[in-house]
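Data block below; observations after.
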Protein chains: 2
Amino acid sequence: MAQTVKVGIIGFGTVGAGAAVNLLKNHDVILERTNVDVKLVRIADKDITSDRGVQVPAELLTTSVDELIAESDVVVELIGGTTIAGDFILKALNAGKSVVTANKALLATRGNELFAAAEKNSCDLYYEASVAGGIPVIKALREGLVSNRIIRMYGIMNGTCNYILTRMEAEGAAFEPVLKDAQALGYAEANPSLDVDGFDTAHKAAILAGLAYGKWFGLEAVSVEGISNITQLDMKMAGKLGYRFKLLAVIKNIDGAVQISVAPTLIPANSMLGAISGVFNGVMIEGDTVGQTLFYGRGAGRDATASAVVADVTDVALNIANKSVRRVPAFRAGAEDVQLVKPEELFSRFYLRLAVKEQPGVVAAVTDILAKNQISISSLMQPENEAHDGQIPLLIVTHATKEVAMKAAMEEIARLDYVDSKVNMFRIEDI
Amino acid sequence: MAQTVKVGIIGFGTVGAGAAVNLLKNHDVILERTNVDVKLVRIADKDITSDRGVQVPAELLTTSVDELIAESDVVVELIGGTTIAGDFILKALNAGKSVVTANKALLATRGNELFAAAEKNSCDLYYEASVAGGIPVIKALREGLVSNRIIRMYGIMNGTCNYILTRMEAEGAAFEPVLKDAQALGYAEANPSLDVDGFDTAHKAAILAGLAYGKWFGLEAVSVEGISNITQLDMKMAGKLGYRFKLLAVIKNIDGAVQISVAPTLIPANSMLGAISGVFNGVMIEGDTVGQTLFYGRGAGRDATASAVVADVTDVALNIANKSVRRVPAFRAGAEDVQLVKPEELFSRFYLRLAVKEQPGVVAAVTDILAKNQISISSLMQPENEAHDGQIPLLIVTHATKEVAMKAAMEEIARLDYVDSKVNMFRIEDI
């Protein structure tokens, strides 16, 4: 006889509607696979009259979160934001109800508070959908790869950015018109900053880093740069060099300290990560035992996100049915404090594009400054067919070098008379 | 206070040594992440004196499997084969000990017997390492994607074959010399049949299909074809058409019946699966809710396999510590019997290469036979620079068509006077 576990969803927006549909439509396969009757009993929203374009029994709808929490064994928070969503989660946990959420911003900013409440009340708090949508990457990281020390992780975790970059590359287009078109098509928000400035990816990177290294990093631990500085010329030149631009989250363990950064990055075009195009996401996890692994799929959207939410709900339901709640707790801090890599220790190869006047001595002056800063050049290119208005691009790819040295050199180079002060500099990851 | 769970490994070969090293070396991170002391207490092998090139305390070694089973909470079977390995697993289960194995051949042939013993004795039986090595694809399929009806799965799951095909393509080389070189380099066995004839992949496909559709299919449910028929010319022509050869496992739900097949298949070169090169493995899983996902990593090798084995051991240890053994049982059959797709229902696009005499009427005769069999041509190519000894290749790519119609047409075509009787035909999957 299958045990019934009652599920309530707070937030009847896109993802809430998707999770409700998934729970109703695939109730039978979930029951068959788990022997647990995972039953949707309540959906709460301020607005329970608007048409969401999905079929849900009217009697499930309520405007009362308190009623929902009282009637549910598992509470799903899908309203988003970092204020009232957090209050509802705390209320559910304090009522002894386990919680599932997709709220990466809330976790990145108030994670420790929520985890403490889950622990105090002996509840589960799961959040697979908060990172890379439908891809079960949190489960992979903390269960499937549990026996690995994590060496590094790379993530393409924002579908909006990846869609824009894919189109810029394919069409030789500039950032602004592609962004506008993405907004018109519904792939980018009216206010695109959270996506294109890298903060959405940064929330996800902080979560992955926390799970890998046992310390819940806040957003302030992440160095963040968005994609709006990438020009058509940079795209073209990256392609000539065999690279491709991605908004890449980089999480690295460097001698026991952790680097967490999000930045437009050149990666090999023929790599698995390089092959991830359009709105798709992918996370590469390299462990000391397993080597390189990659997890790929849809990082957003109603149904993909619902898939991850309902997987978490089912995991909690299995815990409830087997009396093993907190078998895999929301977060477990490691024994030792983990430090961040100091900015002066950041080390990478770099792509550099200058606009220089066509006159003798320019290359010598630039390379001289690099040499003085102990920066070694891997390749250099001055493509004459890209000259415009007496200016020509000078492209330099460096060997691995300290970022502080690069920044010092860039400041010096930008002060040269015959160099345009706008210097474009991007990291390269050879994966 | 962390609970101790005692682990014994039967089989001190390559993977056994890897699992032992992983358990010893990363004992601290596993403890930190799970709060369970997952402790290696015994390793059994007939030979406990040969040097395995790994550091293991001598007192762990024993020649007595009985002693090992008596002293362990979790028994890891890593000796391989389908006879004595199965007996040891049954002995452990009947002693009430949960089991972890990497033995795909044993599971594919004696799965139902082993699952019944696990159920009878209320034990876990986990086998993540049996499919795609270090990639946590079984966990993804039955936990991370639990809320999905599985529409189809594609797997590149044999590193030896993928290594050979990658080199054939890169070097324009034939199958035999690359196989010989792979054998010399240790990437292929002295008797390569299990790999290159597709049976290793077929075992894995049967396991994935069983988990997806709730019926434990035997090897006899899988249609199997190996890679030895692919010629240099086929490789080259596939490339011209934008495709690439992979030994592809295909698992599809077609109107409630299941297709499980393994065959050399043309897939788009620019797809994520097409980008998987060398010894790496990848499994694409398409669910009705999540859409397409892909899981990629090392499919074999000491450490990658150990990563999956130790993840399973840790999962069992978590179950023991939380008194939730059989929370996710070894296998749960679905409510309804699942039928296989009948051969006459198999439906695909095809690539066809004939060697024809250069004389008038050949193309007309061939295309006439195809038309008579209701086979529609998508593209046709007769590359004159590939003519040799009065013969020229004729390449045909069809629209989706029934395989039985193709076979009938092929027989008829092979009987034509001016067509060489050796017709090469491969499936195309557009993914």
Practice task
Please work out which one of (1) modelled with pLDDT under 95; (2) outside any helix (DSSP H, G or I) is the condition residue A:109 fails and give its number.
Solution key: (2)
Exercise for the section: Determine whether the stretch A:124-132 contains at least one residue that is among the acidic types (Asp, Glu) and within 10 Å of another protein chain (Cβ to nearest Cβ). Expected result: yes
Practice task
For the stretch B:406-428, name all the residues that are open to solvent by 50 Å² or more (accessible area, probe 1.4 Å), assigned to a loop (DSSP other than H, G, I, E, B) and closer than 27 Å to residue B:261 by Cα.
Solution key: B:421, B:422
Exercise for the section: Return yes when residue B:71 is of a type outside the set (Phe, Trp, Tyr), away from chain A (no Cβ under 14 Å) and open to solvent by 10 Å² or more (accessible area, probe 1.4 Å) and no when it is not. Expected result: yes
Problem - residue B:86, sole failed condition from (1) in a loop (DSSP other than H, G, I, E, B); (2) small (Gly, Ala, Ser); (3) closer than 30 Å to residue B:221 by Cα - result: (1)
Completion exercise
Considering the stretch B:315-372, residues that are open to solvent by 70 Å² or more (accessible area, probe 1.4 Å), among the basic types (Lys, Arg) and within 32 Å of the chain's Cα centre (by Cα), and then whichever is farthest from the other protein chains (Cβ to nearest Cβ), we arrive at B:342
Exercise for the section: Kindly indicate whether residue B:151 is open to solvent by 10 Å² or more (accessible area, probe 1.4 Å), of a type in the set (A, V, I, L, M, F, W, C), within 14 Å of chain A (Cβ to nearest Cβ) and touching a residue at least 60 places away in the same chain (Cβ under 8 Å). Expected result: yes
Completion exercise
Taking the stretch A:299-313 and keeping only residues that are surrounded by 24 or more Cβ atoms within 10 Å (Cβ to Cβ) and of a type outside the set (Gly, Ala, Ser), one is left with A:305, A:309, A:310, A:312, A:313
Exercise for the section: Select from the stretch A:373-405 the residues that are crowded, with 16+ Cβ neighbours inside 10 Å and assigned to a loop (DSSP other than H, G, I, E, B) and write down the one among them that is modelled with the lowest pLDDT. Expected result: A:382
Practice task
Kindly provide the set of residues from the stretch A:1-33 that are more than 20 Å from residue B:145 (Cβ to Cβ), more than 26 Å from the chain's Cα centre (by Cα) and either within 13 Å of chain B (Cβ to nearest Cβ) or assigned to a helix (DSSP H, G or I) (or both), ordered by number.
Solution key: A:2, A:3
Exercise for the section: With the condition kept exactly as written, say whether any residue in the stretch A:355-371 is small (Gly, Ala, Ser) and on the phi > 0 side of the Ramachandran plot. Expected result: yes
Exercise for the section: For the stretch A:289-298, indicate whether the set of residues that are more than 10 Å from chain B (Cβ to nearest Cβ) and either open to solvent by 30 Å² or more (accessible area, probe 1.4 Å) or more than 29 Å from residue A:19 (Cα to Cα) (or both) is non-empty. Expected result: no
Exercise for the section: Kindly indicate the residue of the stretch A:231-276 that is among the basic types (Lys, Arg) and open to solvent by 30 Å² or more (accessible area, probe 1.4 Å) and also nearest to residue A:162 (Cα to Cα) among those meeting that condition. Expected result: A:244
Practice task
Keeping to the stretch A:44-58, report how many residues are surrounded by 10 or more Cβ atoms within 10 Å (Cβ to Cβ) and not in a loop (DSSP other than H, G, I, E, B).
Solution key: 1
Exercise for the section: Kindly indicate whether residue B:213 is under 30 Å from residue A:21 (Cα atoms) and among the aromatic types (Phe, Trp, Tyr). Expected result: yes
Handout entry: Where residue B:208 falls short, out of the listed (1) surrounded by fewer than 20 Cβ atoms within 10 Å (Cβ to Cβ); (2) under 24 Å from residue B:141 (Cβ atoms)
Key = (1)
Exercise for the section: Would you mind finding the one in B:212, B:304, B:269 that is within 14 Å of chain A (Cβ to nearest Cβ) and within 21 Å of residue A:269 (Cα to Cα)? Expected result: B:269
Fill in the blank from the handout: The lone condition residue A:252 fails out of (1) under 19 Å from residue A:222 (Cβ atoms); (2) within 13 Å of chain B (Cβ to nearest Cβ) is (2)
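Condition check ((1) in contact (Cβ under 8 Å) with a residue 60 or more places away in the chain; (2) surrounded by fewer than 24 Cβ atoms within 10 Å (Cβ to Cβ)) across all residues:
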| position | (1), (2) |
| --- | --- |
| A:100 | yes, no |
| A:112 | yes, yes |
| A:116 | no, yes |
| A:121 | no, yes |
| A:133 | yes, no |
Practice task
Within the stretch A:74-98, track down each residue that is open to solvent by less than 30 Å² (accessible area, probe 1.4 Å), hydrophobic (A, V, I, L, M, F, W, C) and under 15 Å from residue A:7 (Cα atoms).
Solution key: A:74, A:75, A:76, A:78, A:89, A:92, A:93
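For every residue, the table says whether it meets (1) buried (at least 21 other Cβ atoms within 10 Å of the Cβ); (2) closer than 24 Å to residue A:87 by Cβ.
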| residue | (1), (2) |
| --- | --- |
| A:1 | no, no |
| A:8 | yes, yes |
| A:17 | yes, yes |
| A:34 | yes, no |
| A:38 | yes, no |
| A:42 | yes, yes |
Completion exercise
Here the residues within the stretch A:149-184 that are over 21 Å from the mean Cα position of the chain (by Cα) and assigned to a loop (DSSP other than H, G, I, E, B) are A:172, A:173, A:174
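The values are calculated or read from the model by the stated rules, or taken from the named source; none is laboratory data. What you see is a predicted model, and the numbers here were worked out from it, not measured in a lab. Positions of Cβ are backbone-derived with ideal geometry, glycine not excepted, and every protein chain shown enters the neighbour counts. We work out accessible area using only protein heavy atoms, side chains counted, and drop any ligands, DNA or RNA first. Shrake-Rupley method; radii C 1.70, N 1.55, O 1.52, S 1.80 Å.
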